[in-house]
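Below is one structure, written out as structure tokens, with a few remarks after it.
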Amino acid sequence: MEMISSDSAYDSNNHEYVWYIGSIPNWGSGSVSLTVVVNSNAIHGMNLTNITELYDGESLVATATEKTLVCCLENPTTTIYVDKYATGANLGLDWPNAYNSLNNALIQAGESVCDTNFTIFVAQGTYSPGGSEDDRFVLPDEISVYGGFPTGGCDFNLRNPKRYLTILSGTIDRFLRNGTVLEMGDNCLIDGFTISEAGEYCIHGSGVDFSIAQCTIENSDQYGIYASNSNIDLAWCIFRNNRDGIMHSGAGYILNVDNCWLMKQRQIGITCESSTPMLRNSIVTESDLSETGNAGIRMVNPSSQPVFQNCTISHNKSVGISLAGIGTPSLVNSIVYHNNSGGPQLSTNLNPDVVAQYCCIADCNEVNNNINIDPKFVYYDPNNVRIQSNSPCHDSGLTLSENYTQVDMDNRIRVLGFAVDRGAYEIECEDTNHELDWNHDGLVNMVEFNVLARAWQSRDPNDPAIITDPNYIGHRDYADPNTLARWRTVWFSGGQVFDLNEDLRVDLMDLALFCNEDWLWQACWLNLEELQMQQMASGGEDVMFMTNVDSMALDGMQTLSDPVEPQLSVEELIAKLEDSLVFLSRLWLEEPDLQQQISPEDWREFMLSVYQSLLDLKTQSFQIE
């Protein structure tokens, strides 16, 4: 605060006023009045605390505390700012003077007497509720909290939660976690955060209605969301790697889920006990990874009719949807396929002929315009359940009036053709997939090239020619752990995908087939701007060699088409390889990402190997002639 009085007894540096009262007779009394005038740094609606200390010489005799309420402004500020890297006054007044702690902002929003519904803006960074297992962020009623701002802040319309990760983490140390990370208040909103690492609940709410948007809720030992007697609205959220994604209970209460993806839950994606789930344009994949007989979505005695509209429920280890007790859900325009290892897709008391219409369900009878034909996803990959343009689910759904006000999981309008597509995606283009798109992200780029380069000149150690003939030139590779490791790079994704000509080795022919006009192919459904946001948020995995391939090593891996069968003469192959060398030389010069990922020495060694292989091929061709 600034000094208001010129009284020499006031110390403006320490904000202290010293009053020398001299000797006081027994039973003496007296007082002094000080008027405190606040400046613009005072937090309106909060208490200003004054502390009085009485000294006898150097000894402290007594203390007293007086709290004075700072009045509210006629036009109060309704936004509180949080930025853990801000270096200003730490008062939440604006971005330069933002609170460094989210807890301080929540205290102000909850305790201020000003008649204001506060909004909190939070800049990127990781925020912790505290160092005790019982600590949690507690949202007051009627509050909105937005993450996704860069350090230093920006206009609201420029925030981006995927680029500027704003994390509420329950990690205390390597052994302890906060039991609950976030406790919701009534009629409050949390938007643009990653909420993670809870010992029990990432988000908890009881007896309160709340909304969650653009959040990633992950890595909870128990539940992503645990809510009872609450109406919940979820939009554009991702649930990942929790034991259970959502647990919702309470007769008469509704769980609304729009454009959300629940993936890789160890047990159940969604459980509703007595409450009613309403899912639209959403995806549930890879639930029950522990394979303990759970479900993608589990309902117990829903109090009204559950609705699943334009949803994709696939690749779950158990049934896609189960019902315990009574209730008749409605499934419309949805895909329920590739669940339960090809067994029943719904629990035995859910008859698809009764509960579904215009759906694609693996084991249904084809009544009510349902089909039991493979939906033809662009890839057999639980991380990409878009459909191909020739899918039987394309332009074949029931077009309802609400379809025209909804969007799909790519944020495209829901009706692009003659009718709405079944499932969570709308496709209206041809070029949806490619046999060289090995990580199924819609691009053929450095990810795929790095895989091929690292597997270069490796051989399948199970090649019969290597195993049975000790004199065979490749036999020495069989005992070479380096060769085995490099072949594993090829093998992990199902075998012959990277060995393009299926001759059990990665050599010039594979390189020639790879270095073609499809380099930098892009799927027609790909949003490049969205992809760039994800790469910035994740540290640029697009140009890194992919080692996390669990989602691709699937039982029953399917290839998109028959293996490439090159029909080239030796002369044609040599010409194609010479073109490939020109391509590779240009690639090194024009791709800075490649130069970062592969050292010049390794690249030189790789290119010399290619040149030598080409020379050997030319020599063999000359000798044959």
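Within the stretch 257-306, the GluC sites (Glu not before Pro) that combine a DSSP coil assignment with at most 12 other C-beta atoms in a 10 angstrom radius are E291. The protection proxy used here, the mean number of other Cβ atoms lying within 10 Å of each residue, ranks peptides 333-343, 602-612 as follows, highest first: 333-343, 602-612.
Excluding ligands, DNA and RNA, the accessible surface per residue across the stretch 284-326 is 31 Å² with a 1.4 Å probe.
For the stretch 209-270, averaging the sequence separation of C-alpha pairs within contact (under 8 Å, six or more residues apart) and dividing by the residue count gives a relative contact order of 35 percent. Most tightly packed first, judged by the mean number of other beta-carbon atoms within 10 Å of their residues, the peptides 228-237, 421-430 read 421-430, 228-237. If we count every other residue with Cβ under 12 angstrom of I203's Cβ, Lys/Arg +1 and Asp/Glu -1, where does the sum land? Overall, the nearby charge balance is -2. Each peptide in 130-137, 21-28, 194-201, 249-256 receives the mean, over its residues, of other Cβ atoms within 10 Å, and ordering these scores from highest gives 194-201, 249-256, 130-137, 21-28. Counting only Cβ charges, +1 for Lys and Arg and -1 for Asp and Glu, the dipole size of the stretch 306-440 around its Cα centre is about 460 debye.
The apolar share of the surface of the stretch 53-172, taken as the fraction of accessible area on carbon and sulfur atoms (1.4 Å probe, ligands and nucleic acids excluded), comes to 45 percent. What a 1.4 Å probe finds exposed on the stretch 249-303 is 44% carbon and sulfur by accessible area, rounded to a whole percent.
Put simply, the C-alpha atoms of the stretch 289-431 give a gyration tensor, and the ellipsoid matching it has half-axes of 24, 18, 13 Å, longest first.
The values are calculated or read from the model by the stated rules, or taken from the named source; none is laboratory data. Just so you know, these numbers come straight off a predicted model, no measurement behind them. When we count neighbours, we look across all protein chains shown, and the Cβ atoms used for this are built from the backbone with ideal geometry, even at glycine. These area figures cover heavy atoms from the full protein model, side chains too; ligands, DNA and RNA do not enter into them. Shrake-Rupley method; radii C 1.70, N 1.55, O 1.52, S 1.80 Å.
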